[in-house]
Amino acid sequence: MRSAPLPATERGDLSHIAYGFMASKALFAALEIDLFSLLADGPRNVTTLSATTRIPPNRLRTLLHALAALGLLVTEGPCYRNAPASQRYLVRGAPGDFGEYFRLQVARQIYPALLHLDVGLAGTGSAFDTLGGLMSEPAEARTFTAAQHAGSLAAARVLARRVPLGAAERLLDVGGGSGAFSIALCEANPGLRATVLDFPAVVDVARDYRDASGLNARIDLRAADAVHDPWPGGQDVVVMSYLLSALGECQIDTVLRKAHARLAPGGLLLVHDFMLDDIGPGPALAALWFLQYLAYRSDGVSFSAAGLSDRLRGAGFAPAPAEVLIPEITKVVLARKVSR
Ligand SMILES: C[S@@+](CC[C@H](N)C(=O)[O-])C[C@H]1O[C@@H](n2cnc3c(N)ncnc32)[C@H](O)[C@@H]1O
């Protein structure tokens with residue numbers, strides 16, 4: 001997908017979009033049988049892969065053909081091997097692995113939710129009642145949060161290297177999910193303590209990640225609704241990663257005001273989220289991420305960094321220019337609390 005969209009001119013341009021869901025499904029099916037991990041140590045032929053996966057050769061060959069045609073696998077004589085990106089990002093346990101994010105959250109939750117996009121757009125129905133509704137089901141909260149951890153931790157560590165927090169001692173991670181950002185920021189800032197605030201079933205999952213990180217003494221957990229419940233005060237830093245895009249428009253302003261109230265003078269609000277370009281309709285992936293929210297909430301809005309910065313100024317912050325974190329998808333805006 002391109003960040004500077006060009007008007008579609010050919011029938012093939014339409015086909016790539018219309019049939020894109022088949023490519024997604026091919027990838028998800030491969031992840032379900034852990035195919036990329038099976039190819040981690042080198043090329044395998046259909047017979048070997050069929051014996052390991054117990055999928056008959058005729059069916060497996062059809063999937064392998066599709067994956068090779070998409071560029072996810074490479075053929076080598078009668079064998080298949082991982083394409084470089086598959087090897088790097090889709091093999092279990094690889095340093096860049098985020099296959100579980102695709103398999104669990106994108107394939108099992110967002111993909112079926114999008115079947116409700118038409119009724120969401122019409123305002124006559126939804127896949128589930130906001131992320132809060134999904135997170136009230138413990139099993140769904142675990143699936144979503146485990147997947148989000150796989151998707152967020154690497155980006156959080158990049159952010160932690162990029163944004164020095166100086167002498168900050170207290171950080172509140174609102175809608176913190178697994179606590180990936182708290183973990184990364186505490187790892188990078190030895191004097192920092194963090195609180196992860198999220199719905200109760202999510203906090204139960206965050207506990208496992210917090211304990212596994214060895215940061216138990218420095219990361220607290222708070223089960224709360226960020227919009228309706230109180231937040232702990234005296235914070236030097238408030239982090240909101242993928243929170244604002246998940247909220248209704250009025251709720252965005254509510255949580256920005258709450259962040260202002262809970263930050264110490266001169267405190268830092270760090271917003272990481274999907275953001276449209278300030279001018280023009282791209283990037284396509286950011287625009288699509290906002291679109292999928294229509295399947296499960298009717299009051300959401302899509303926003304650019306410029307639009308967000310206006311809201312931040314209105315809530316008493318001085319925002320710095322946005323910086324890209326995940327190319328084509330997310331940006332980060334750092335905003336200092338301005339005393340009022
Ligand atoms: C896409 S996840 C991002 C999690 C984490 N911040 C990250 O970047 O990895 C969005 C999170 O916001 C949480 N969330 C959404 N609305 C919330 C609310 N009203 N109160 C608390 N948490 C909320 C969800 O439960 C979910 O964990």
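The values are calculated or read from the model by the stated rules, or taken from the named source; none is laboratory data. Just so you know, these numbers come straight off a predicted model, no measurement behind them. All Cβ positions, glycine included, derive from the backbone under ideal geometry; neighbour counts span all protein chains shown. Just the protein is used for accessible areas: all its heavy atoms, side chains included, with ligands, DNA and RNA removed. Shrake-Rupley method; radii C 1.70, N 1.55, O 1.52, S 1.80 Å.
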Any pair with Cβ under 7 angstrom, 6 or more apart, that starts in the range 199-221 at a residue that is outside the structural domain of residue 174 (by TED's automatic domain parsing) and ends at one that is open to solvent by 70 Å² or more (accessible area, probe 1.4 Å) and modelled with pLDDT of 95 or more: none
Residue that is within 13 Å of the ligand (Cβ to nearest atom) and basic (Lys, Arg), where the choices are 157, 193, 170: 157
Failed criterion for residue 209 (all others in (1) touching a Cys at 6+ places or on another chain (Cβ under 6 Å); (2) surrounded by 21 or more Cβ atoms within 10 Å (Cβ to Cβ); (3) more than 25 Å from residue 323 (Cα to Cα) hold): (1)
Options 123, 132: the member that is within 29 Å of residue 201 (Cβ to Cβ) and surrounded by fewer than 14 Cβ atoms within 10 Å (Cβ to Cβ): 123
Matching helices (runs of 4 or more DSSP H) fully within the range 117-198 where at least 1 residues are within 15 Å of the chain's Cα centre (by Cα) and assigned by TED's automatic domain parsing to the domain that holds residue 223: 130-135, 138-162, 180-188
